Amino acid sequence: MSEHESCALLGQLLLAGEIITAEELRQALRRQQSTGQRVGDILVDMGSVAPRQLERALRIQARLRGRADDDRPFILVVDDDPEVGAVVADILEGAGYRVGVAQNEAEAMAAVMAPDPPMPAAIVLDLGLPEHGGIELLTILRKAGETQSLPVVVLTGRPDLEPRIRERQLAISAFLAKPVSARQLLEVVETAVREEPSLCATPGR
């Protein structure tokens with residue numbers, strides 16, 4: 001991960017968590033240009049971020065971006081259960097993808113909206129997220145110009161929510177009800193990376 005990309009994602013995370021304001025981030029970026037300090041350290045010096053908050057944001061940043069040592073297709077897994085997210089990430093990484101894991105809406109939006117690459121090639125989305133939930137996140141993604149056609153594979157333990165996606169006319173690549181096999185998940189993700197999402201697609205129908 002480049003220093004510039006790191007700053008962009010870190011800033012998005014701190015903004016999404018309402019830890020800093022946009023003006024504080026702009027001030028930190030200006031100081032970074034003149035001093036060469038890391039943005040996080042500057043924000044701590046400014047009193048905008050506590051050291052523990054910075055440490056947590058840096059850990060989340062590393063989890064969101066995965067390993068930045070190659071140009072493999074980047075898949076963002078969004079699941080509030082860290083164990084499930086880790087299992088899905090392991091499956092995808094084993095198939096040759098680069099994977100990041102978000103545990104809530106704010107982390108997912110920070111990863112997607114950071115102004116530096118990589119934009120995910122696809123998102124694997126759990127609908128049972130805290131706060132606003134996965135359907136609201138999907139709605140936001142479909143309203144934003146940059147993410148209207150971003151492939152989204154829904155992977156959820158709530159099959160009863162599929163009609164709500166159809167009612168809202170939210171385009172997805174596939175709807176998978178947990179549990180699913182690794183083979184089925186990989187087949188669906190591979191298809192999603194290649195194709196545009198449709199109104200709603202459920203494998204096997």
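Read the figures in this text as sums done on the coordinates, not as results from a lab. Small disclaimer: the values here were computed from a predicted structure and weren't measured. We place every Cβ from the backbone using ideal geometry, glycine too, and count neighbours over all the protein chains shown.
Averaging the sequence gap over all C-alpha pairs within less than 8 Å and six or more residues apart, then dividing by the number of residues, gives segment 3-60 a relative contact order of 34 percent. With contributions of -39500 (n - 2.57) from each DSSP H run of at least four residues, the per-residue ellipticity at 222 nm computed over the chain stands at -15000 deg cm²/dmol. In the chain, Cα pairs under 8 Å separated by at least six residues give a relative contact order of 17 percent. Ordering MET46, MET109 by the number of other Cβ atoms within 10 Å of each residue's own Cβ, fewest first, gives MET46, MET109. Quick check: net charge around LEU92, other residues with Cβ under 11 Å of its Cβ, Lys/Arg +1 and Asp/Glu -1? So the environment of LEU92 carries a net charge of -1.
Once backbone amide H atoms are built at 1.01 Å from N, ALA122 has LEU76 as its partners under 5 Å, excluding neighbours fewer than 5 places away on the same chain.
Can you tell me the FRET efficiency between GLN33 and ARG166 if r is taken as the Cβ-Cβ distance and R0 is 45 Å, rounded to the nearest 0.05? Calculated transfer efficiency: 0.40.
Remark: segment 69-194 carries a charge dipole of roughly 580 debye about the Cα centre, counting +1 on each Lys and Arg Cβ and -1 on each Asp and Glu Cβ.
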